[in-house]
1. Using DSSP to call loops (not H, G, I, E or B), can you name the chymotrypsin sites (Phe, Trp or Tyr not before Pro) in segment 68-155 whose Cβ has at most 15 other Cβ atoms within 10 angstrom?
2. Once you order the gyration tensor axes a ≥ b ≥ c over the Cα atoms, which shape class does segment 24-109 get: rounded for a/c under 1.5, otherwise prolate or oblate by comparing a/b with b/c?
3. Length gain on complete extension for the stretch K228 to H269, per 0.36 nm per residue less the alpha carbon to alpha carbon distance?
4. Work out, in µm²/s and without decimals, the Stokes-Einstein translational diffusion coefficient of segment 161-237 at 25 °C, 0.890 mPa s, Rh from Kirkwood over C-alpha pairs.
5. Can you list the HN-Hα couplings for segment 144-156, worked out from phi with the Karplus curve (6.51, -1.76, 1.60; θ = phi - 60°), rounded to whole Hz and with x for Gly and Pro?
6. Grab the DSSP H runs of the chain that are 4 residues or longer, score each as -39,500 (n - 2.57), total them, divide by all residues and round the 222 nm result to the nearest 500 deg cm²/dmol.
7. Taking 10 °C and 1.306 mPa s as the conditions, I'd like the Stokes-Einstein D for the chain in µm²/s, using the Kirkwood hydrodynamic radius from alpha carbon pairs.
8. Roughly what angle does helix 27-41 make with the longest principal axis of the chain, taking Cα atoms, 0 to 90 degrees, to the nearest 10?
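The values are calculated or read from the model by the stated rules, or taken from the named source; none is laboratory data. Bear in mind that the values here come from a model prediction, so they are computed numbers and not experimental data. Every residue, glycine as well, gets a Cβ built from its backbone with ideal geometry; the counts of neighbours run over all protein chains shown. Protein only, heavy atoms only, side chains kept; ligands, DNA and RNA dropped before computing areas. Shrake-Rupley method; radii C 1.70, N 1.55, O 1.52, S 1.80 Å.
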Amino acid sequence: MNVFDRTMKRRQKNWAASLQDSDKYDYLRDEVGSRVADRVYDITRTFPLALEIGCGKSHIAEHLHKEVVKQLFLTDISEKSLRNTRESEIPTNCVMADEEFLPFKENTFDLVVSSLSLHWINDLPGALRQINQVLKPDGVFIGAMVGGETLYELRCSLQLAELEREGGFSPHVSPYTAVTDLGNLLGQAGFSMLTVDIDEIQVHYPGILEVMSDLQGMGESNCAWNRKSMLHRDTILAAAAIYQEMYGSEDGSVPATFEILYMIGWKPHDSQAKPAKRGSANVSFGDLSKIGQPSTKDKS
């Protein structure tokens, strides 16, 4: 089932990349990209060939050094984003490709990274399987995606305003993956030694219109097939008042919360540590519970 209009998402990203002041909307991508790069540095090895999926302006690559990544392929569905990729000391190749259909052979890359693009995938399990396929054995995937209760303030405010003014509501914020599902999806895709964690980034804006304007400037407007094409003026004004009343700060600003799901998964290899066979333990949990307890032996 296709939830998202991928053609619309390409148009949104191309439009955002063509803005003269597009850099001012990159604050979230830059922050998350740097955090993904930090996770790459946590792995003490060099990656001869890496792939960044949904790179945008290469928000991860700009934080990496050639001593860690020797060569990098950048992919995105937006040709204008690829034209605006930032300079990097790593030799790079740009390829326009959909995250749902990776045009690479199996066992090609030592590292695959992705930041803030997988939440627009229709077939996330299939995309993760493809990432696993293009990795070499013992290769690693490090990714970040928007998920959880992201933008719950905006979602609730719009829903309440539409119920009040129009008697019903439509989804204006796209559905997101729950952190509790991510580990299962990675495991089903064939990854091992999984790590999944969540981080919350809260950004403050003057009001709801600025929140929506920045999302558009990021290329992050809703592209679900069942989205409503427009919002009535009265509904927007009501949503702005509700947003301020429910979530506004003392200084008059309103918060927008982004929950970022980080994931690390390895393609299996014989050299990796494996769990012991069932029944091979030589100490019981009952014995462990006795550690530290005083001896009951009689003194002579």
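1. Working: sites: F73, F101, F104, F109, W120, F141, Y152; in loops: F101, F104.
Those that pass, being in a loop and sparsely packed, are F101.
2. Details: a/c = 1.65, a/b = 1.06, b/c = 1.55.
Note, shape of segment 24-109 comes out oblate.
3. Values: separation 41, 0.36 × 41 = 14.76 nm, distance 4.70 nm.
Residue separation times 0.36 nm, minus the Cα-Cα distance, leaves 10.1 nm.
4. 156 µm²/s
5. Using θ = phi - 60°, the values come out as 9, 9, 6, x, x, 9, 4, 6, 5, 5, 5, 4, 5 Hz.
6. On the way: 9 runs with 97 residues, N = 300.
Value at 222 nm, helices only: -9500 deg cm²/dmol.
7. Values: Rh = 21.3 Å.
For the chosen part, D equals 74 µm²/s.
8. Result, in degrees: 10.
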